[in-house]
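What follows is calculated from the coordinates using simple rules that are stated; it is not laboratory data. Note that this is a predicted model, so its numbers are computed, not measured. Don't worry about glycine lacking a Cβ; one is built from the backbone with ideal geometry, like all the others, and counts go over all protein chains shown.
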Amino acid sequence: MSPDIRDLQAAVRAHVRVQPRGARTKCAPRADDAGILDLSAFSGVIEYQPTEFVITAWAGTPVAEVQALLAQHGQYLPFDPLLVGRGATLGGTVATNACGPERYRYGGVRDFLIGTRFVDGNGALIQGGGKVVKNAAGFDYPKLMVGSLGRLGILVDVTFKVFPRPEAYATLRVDCPSLEAALALLPKLTNCPYDLNAIDLLMGAGGAAALFIRVGGLAAGLPQRMDRVRALCGSGQVITGDDEARFWHAAREFEWLAPEECLVKVPLTPSRIPALDASVRHAQRRYSVGGNVAWIATRDLPALDAALKALDLAGLVLLNAAGDPRIGHHRTNAFAERVARALDPHGRFVR
Amino acid sequence: MNQSAFLAALRAIFPPDRLLMAPAALAAYESDALTAFQARPVAVVIPETQSEVIAAVQACHRFGVPFVARGSGTSLSGGSLPVKEGLVIALNRLNRILRLDPQQRIAVVEPGVVNLDITKAAAPYGLLYAPDPSSQPICTIGGNVAFNSGGAHCLKYGMTSNHVLGLKVVLPDGEVAELGGESLDSVDADYAGLFVGSEGLFGIVLEITVRLLPKPETYRTLLAAYRSLEAAGDAVSSVIASGLLPGALEIMDNLSIQAAEAAVKPGYPLDAAALLIVELEGERSQVEAEWERLKAVIDASQPYLIKVARNDDERMKIWKGRKSAFSAVGRLSPDYIVQDGVVPRRRLGEALAEIEKLSAKWGIRVANVFHAGDGNLHPLIMFDGREPGALHRAEELASEIIDLCIRLGGSITGEHGVGMEKRQYMPRQFAPADMDAMWALRKVIDPDELANRGKVFPAGEAPALRQVGPHPLEQAGVISRE
Ligand SMILES: Cc1cc2nc3c(=O)[nH]c(=O)nc-3n(C[C@H](O)[C@H](O)[C@H](O)COP(=O)(O)OP(=O)(O)OC[C@H]3O[C@@H](n4cnc5c(N)ncnc54)[C@H](O)[C@@H]3O)c2cc1C
């Protein structure tokens, strides 16, 4: 049975302030006066055509459910959704832009969300994009919704492009004496013509670093490909099978995070890692997506906030945020202000 | 509007040689590649710096004059058609590559940089800019951003927006905004993503940060010939079902095969009802493994002939035929309309059968060349403009094809944009609430509708139709279309 969208629209119109709620695995901006809109009824797959590479589901659908269905047909969400084990929903994944290490290969949530219906701050139901993999008609609302944290619309359903899942994976672990050594190796990997699925850099105790390079594809060519990656790195240990899968599962679930720690995501480029690393030296941290995302665990958010501001970096507290999950330096701009004014003129969404 | 005061304001910004007002000088800017439409602007300015662009937009805002940004004018949907009495801001001279950082695989470029020039600049580092519209030797990255342009490799690597990380833009009232950044990822709503594909309605792009990809190590390309279009379509489905992700999956029908063969002799089998081109690309050992699987799938689809490119020359030959198909078909007919629509991939067969019926119904020949992997059709509707009513009938047929795409659950455009040409179809694809929301967004960003007024949203009278046919550059053999 399909959930009642009109009820949702009426609820938006009936409140001065509203806040959508998914499975609450991750952060969201909060306000005490906001009416909570429970989206748990918006759950389930609406349409899936494996040969189309397209799946549509209600926004409240657990990602795990979608992944299981896709897996039956040898397909997957290439942006590598995070925190699936904790019950993450599709809508929450889009709103927080929660993509993982393998986003390195084919792109993030923004590159795979091709359509969505959402309710804006006027209570209007808006369709953006469509259900075909190529489409140039109309404004690209799906992209706008990625990372919007529920500030611009309440996602009702989402349509993703999907891909065939690599048949097999292997990972090369390369230990480096220092961050500098690891960062020196990084451009060799990112610029080589080998098809790498993920490159994560883990900082260990005492300043040592380790690179984890994930390669996926047909089983037949894989051993040869791993040899070449190892040759490029000069050394390294190949991990396969369950150990390999477990390593990346742990990465996506942030199993390394201590219970009372906040998890902060900081987008950046590899050249900015040394400066950031110098100011978070005592925190657990890893640099994912070929040096484009820093994940930092901290108990001291104010200190990290100040450090990010000093470096002109923006951060998002994905887990265990107390207040506003946005820390560091968030640039605003005239375009964003106007978009918010169009979609939420009455300021119903929590900003 | 006080026109003389507006022109005086422009004179204060631009030297005479970069402020065109004489009718003869304006003529070249009256249409884009959709030459059916034309309109004369009050002036054309040719800025050389970002601040000149900003100043021009501010002047337009001050005097309430609509403006149209223009790259190379290769839009096929009338996107860069001037607004009558408005200003054209021609961006070809803003063509600097401001920064190319191979280590971080990004390039920061101005909007007038030609698409292919980014790849040329990146090539020494083994990198490339992936989106490859067939107009790439001439179209600008600014135009690509405005239209979210595609190419033959969209299934695997996406369109322009999938390769744009950051934008610096001037909004229609002259305010400047920076969207996105240099990282692959972000913790904000994707404003750059919303801007891409907005067809010039949100303002002018001043600077673009694009991501670069390593050039694939190897390619394997094959061509399979079938006795029916349906069989070729089924082969596409089997390739997809086999778990392969080819870089390109293209189909040509007999009419386009004939035309391509006559024009550039790519060695296509002339008796085929349909040709399928499949290309794998990537790392060598992976491609070799995929190749074995692909051959088995193609064998099972029972083509009556398979040709494999044994070297780069043979590969280029296959592609040359494919890329020249449209201009070649144009030689079979004095005039033609290129249609651009999308259907769900599984309904390609149905769509083609319907197009065949429509073609018979109207007695108009239609050639089909398409990006089969994306379900992106490019029917080519042939007519003779000298015949009274022929253009009108061709347009009726083109319109029925668009209705068909909508009915089958697809889109009115896959890559050529809405522009002028398809604005009346928007309400057929989008519900009134969707149209209202888009209009509201447009009005908040640009209350006076100064930026590219009259495009995308259905409105008023269209300018008079003149002719439809190959772009002058196609006639000269400089570019071809997919
Ligand atoms: C032979 C031929 C083949 C083609 N093949 C393809 C193809 O394979 N795939 C495909 O997708 N398209 C194709 N096209 C269409 C066309 O080339 C693309 O739409 C291209 O992106 C237009 O670029 P341009 O520089 O010519 O832009 P223009 O035509 O000058 O402008 C296009 C639109 O962009 C706006 N614009 C331009 N610059 C800016 C800016 N800096 N800021 C904001 N708005 C701006 C204009 O106002 C206009 O609305 C083809 C066209 C031709 C003639």
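So what is the diffusion coefficient of segment B:99-214 in µm² per second by Stokes-Einstein at 20 °C and 1.002 mPa s, using a Kirkwood Rh over Cα pairs?
Approximately 153 µm²/s, per Stokes-Einstein.
For chain B, find the longest principal axis of its Cα atoms and tell me its angle to the long axis of helix B:3-13, 0 to 90°, nearest 10.
Long axis of B:3-13 versus the principal axis of chain B: about 80 degrees.
Quick check: net charge around B:GLY375, other residues with Cβ under 9 Å of its Cβ, Lys/Arg +1 and Asp/Glu -1?
With Lys, Arg at +1 and Asp, Glu at -1, the net is +2.
Once every DSSP H run of n ≥ 4 in the protein assembly as shown is given -39500 (n - 2.57) and the sum is divided by its residues, what mean residue ellipticity at 222 nm do you get, rounded to the nearest 500 deg cm²/dmol?
Result for the protein assembly as shown: -9500 deg cm²/dmol, rounded to the nearest 500.
With a cut-off of 8 Å between alpha carbons and a minimum separation of six or more residues, what is the relative contact order of chain B in percent?
That works out to 17 percent.
For a quick check, take a GNM of chain A with Cα springs below 10 Å and name the residue from A:GLY121, A:GLY74, A:GLY44 with the largest mean-square fluctuation.
Of the options given, A:GLY74 has the highest mean-square fluctuation.
Just the C-alpha atoms of segment B:293-383: what Rg/Rh do they give, with Rh taken as the Kirkwood radius?
Reported Rg/Rh (Cα atoms, Kirkwood Rh): 1.02.
Explain nothing, just compute: Karplus ³J(HN,Hα) = 6.51 cos²θ - 1.76 cosθ + 1.60, θ = phi - 60°, for every residue of segment A:104-111 in order, whole Hz, x for Gly and Pro.
4, 6, 10, x, x, 3, 4, 8
May I ask you to list the residues of segment B:202-218 whose amide nitrogen lies under 14 Å from a point 7 Å from Cα along the Cα→beta-carbon direction of A:ALA334?
Within reach of a label on A:ALA334: B:202-206.
Hey, what does the equivalent ellipsoid look like for segment B:29-122, semi-axes from the Cα gyration tensor as sqrt of 5 times each eigenvalue, largest first, whole Å?
They are 28, 17, 8 Å, listed from largest to smallest.
For A:VAL54, what residues show an amide H to amide H distance below 5 Å, using hydrogens built from the backbone and excluding near sequence neighbours?
Counting only residues 5 or more places away or on other chains, the set is A:GLN49, A:VAL162.
Taking 8 Å as the Cα distance limit and 6 or more residues as the minimum spacing, I'd like the relative contact order of segment B:333-407 as a percentage.
42 percent
For segment B:345-438, what size does the Cα cloud have along each of its three principal axes, sorted from largest down, in whole Å?
Sorted largest first, the three principal extents are 42, 31, 20 Å.
Would you pull out the residues with amide H under 5 Å of A:GLN75's amide H, same chain only if 5 or more places away, H placed 1.01 Å from N?
Close amide H contacts, sequence-distant or interchain: A:ARG165.
With the convex hull built on the Cα atoms of segment B:218-327, state its orientation-averaged projected area in nm².
6.1 nm²
With a bin width of 10 angstrom, please list the P(r) values of chain A as percents of all Cα-Cα pairs, from the 0 bin to the one holding the largest distance.
Histogramming chain A at 10 Å steps yields 5, 24, 32, 25, 11, 2, 0 percent.
Starting at the first residue of segment B:385-402, write each ³J(HN,Hα) from the Karplus equation 6.51 cos²θ - 1.76 cosθ + 1.60 with θ = phi - 60°, in whole Hz, x for Gly and Pro.
x, 6, 6, x, x, 5, 4, 4, 5, 4, 5, 4, 5, 4, 5, 5, 5, 5
So for the protein assembly as shown, considering every pair of alpha-carbon atoms, how many percent are separated by more than 51 Å?
Counting pairs separated by more than 51 Å, the tail of P(r) holds 12 percent.
Per residue, how big is the convex hull of chain B when only Cα atoms are used? Give it in Å³.
148 Å³
Measure up A:LYS161/B:LYS168; A:LYS131/B:LYS168; B:LYS265/B:LYS307 against 18 Å on the Cα-Cα distance and list the ones that go over.
Exceeds cut-off: A:LYS161/B:LYS168; A:LYS131/B:LYS168.
What net charge is computed for the residues neighbouring A:ALA334, neighbours being all others with C-beta under 13 Å from the C-beta of A:ALA334, Lys and Arg scored +1, Asp and Glu -1?
-1
In what order do B:MET420, B:MET252, B:MET21 fall by count of nearby beta-carbon atoms within 10 Å, going from fewest to most?
By the 10 Å Cβ count, ascending, the order reads B:MET21, B:MET420, B:MET252.
For helix A:179-191, report the angle its Cα long axis makes with the longest principal axis of the Cα atoms of chain A; keep it between 0 and 90° and round to the nearest 10°.
The helix A:179-191 is inclined about 70 degrees to chain A.
Give or take rounding to whole Å, what are the principal axis extents of the alpha carbon atoms in segment A:1-151, in descending order?
Result, largest extent first: 44, 34, 30 Å.
If you plug each phi of segment B:129-135 into the Karplus form 6.51 cos²θ - 1.76 cosθ + 1.60 with θ = phi - 60°, what whole-Hz ³J(HN,Hα) values come out, in order, with x for Gly and Pro?
Going residue by residue, I get 9, 5, x, 10, x, 6, 7 Hz, with x marking Gly and Pro.
As a test, work out the antiparallel percent of DSSP beta bridges whose residues both lie in segment B:3-90, rounded to the nearest 5.
Restricted to segment B:3-90, the bridges split so that about 20 percent are antiparallel.
What nm distance separates the two modelled labels at A:ALA71 and A:ASP312, each placed 7 Å from Cα along Cα→Cβ?
Here the modelled spin labels are 4.4 nm apart.
Taking the 0 to 90 degree range and rounding to the nearest ten, how far is the long axis of helix B:50-63 tilted relative to the main principal axis of chain B, both from C-alpha atoms?
On a 0 to 90 degree scale, this one is about 60.
So between B:ALA5 and B:ARG428, what do we pick up on full extension, going 0.36 nm a residue minus the alpha carbon distance?
Computed gain between B:ALA5 and B:ARG428 is 148.1 nm.
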